[in-house]
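Novice: To start, I am sharing the structure in question, which I have written as structure tokens.
The values are calculated or read from the model by the stated rules, or taken from the named source; none is laboratory data. As the structure is a prediction and not an experimental result, all values here were calculated from the model. Every residue, glycine as well, gets a Cβ built from its backbone with ideal geometry; the counts of neighbours run over all protein chains shown. Heavy atoms of the whole protein, side chains included, go into the accessibility calculation; ligands, DNA and RNA do not. Shrake-Rupley method; radii C 1.70, N 1.55, O 1.52, S 1.80 Å.
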Amino acid sequence: MSVTLTDQDKLTLRTAAWGAVSLMSAAGAAGSAHKVATHGSIALTSATGLVGHVLTKAPKGVKYGKTVAELADQVLPALTAAMNLLKQQDPAEADNFRGTVIVAIEAAARTHQGEPSPTMAEMARKITGALDAA
């Protein structure tokens with residue numbers, strides 16, 4: 001199946017995935033937000049397939065806002081929209097996108113010793129919920 005993504009579609013996927021890493025970084029700020037972002041970013045840039053090609057770079061010109069709530073207001077709906085978009089065109093790529101984002105948030109959460117903090121665990125739950133809402 002051939003997938004055709006517009007520039008807006010690609011921006012939605014990038015905003016969703018890179019925004020999820022940003023949400024995890026904000027949730028992990030009590031530890032090392034930089035390490036969280038680094039590990040999540042490595043996971044995104046390690047993706048394969050169409051998703052891997054789209055996520056090779058972070059979105060440009062996206063203004064996430066000044067608070068975590070403003071960031072979540074953009075990212076969580078973008079995650080659902082990205083899944084809907086990919087499910088319509090290629091369900092395998094939708095699975096690839098979901099798996100990539102899950103790996104990124106798991107990699108981000110593992111930067112802390114032991115279990116992720118309750119804040120990070122809750123943010124991961126919200127991200128997963130947005131992915132599964134599609």
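Novice: For region 72-104, give me each residue that is among the aliphatic types (A, V, I, L, M) and either assigned to a loop (DSSP other than H, G, I, E, B) or farther than 14 Å from Arg14 by Cα (or both).
Specialist: Ala72, Ala92, Ile102, Val103
Novice: Continuing with this model, one more query. Which condition from (1) modelled with pLDDT of 95 or more; (2) part of a helix (DSSP H, G or I); (3) not β-branched (Val, Ile, Thr) is the one that Ala47 breaks?
Specialist: (2)
Novice: Taking His53 and the conditions (1) part of a helix (DSSP H, G or I); (2) touching a residue at least 24 places away in the same chain (Cβ under 8 Å), which numbered condition does it fall short on, given that it satisfies the others?
Specialist: Failing condition for His53: (2).
Novice: Still on this structure: If you check Arg98 against the conditions, is it buried (at least 16 other Cβ atoms within 10 Å of the Cβ) and among the basic types (Lys, Arg)?
Specialist: Yes, satisfied.
Novice: Scan region 54-84 for residues that are in contact with a Phe, Trp or Tyr (Cβ under 9 Å, 6 or more places away or on another chain), open to solvent by 30 Å² or more (accessible area, probe 1.4 Å) and within 16 Å of Leu131 (Cβ to Cβ) and jot them down.
Specialist: The one that is in contact with a Phe, Trp or Tyr (Cβ under 9 Å, 6 or more places away or on another chain), open to solvent by 30 Å² or more (accessible area, probe 1.4 Å) and within 16 Å of Leu131 (Cβ to Cβ): Gln74.
Novice: Here is a further query. Can you name the residue in region 1-31 that is open to solvent by less than 40 Å² (accessible area, probe 1.4 Å) and more than 14 Å from Gln74 (Cβ to Cβ) and, of all such residues, is nearest to the chain's Cα centre (by Cα)?
Specialist: Of everything passing the filter in region 1-31, Met24 is nearest to the chain's Cα centre (by Cα).
Novice: Can you name every residue in region 110-134 that is touching a helix residue (DSSP H, G or I) at 6+ places or on another chain (Cβ under 6 Å) and more than 21 Å from Leu13 (Cα to Cα)?
Specialist: Thr111, Pro116, Thr119, Met120
Novice: Another one. Find all pairs meeting these conditions: Cβ atoms under 8 angstrom apart; at least six residues apart or on different chains; first residue within region 6-34 and free of Cβ contacts under 8 Å to residues at least 40 places away in the same chain; second residue open to solvent by 30 Å² or more (accessible area, probe 1.4 Å) and assigned to a helix (DSSP H, G or I).
Specialist: Ala33/Ala26
Novice: A further question on this structure: Within region 41-51, is there a residue that is under 22 Å from Lys87 (Cβ atoms), open to solvent by 30 Å² or more (accessible area, probe 1.4 Å) and of a type in the set (A, V, I, L, M, F, W, C)?
Specialist: Checked against the condition, which is being under 22 Å from Lys87 (Cβ atoms), open to solvent by 30 Å² or more (accessible area, probe 1.4 Å) and of a type in the set (A, V, I, L, M, F, W, C), region 41-51 yields at least one hit.
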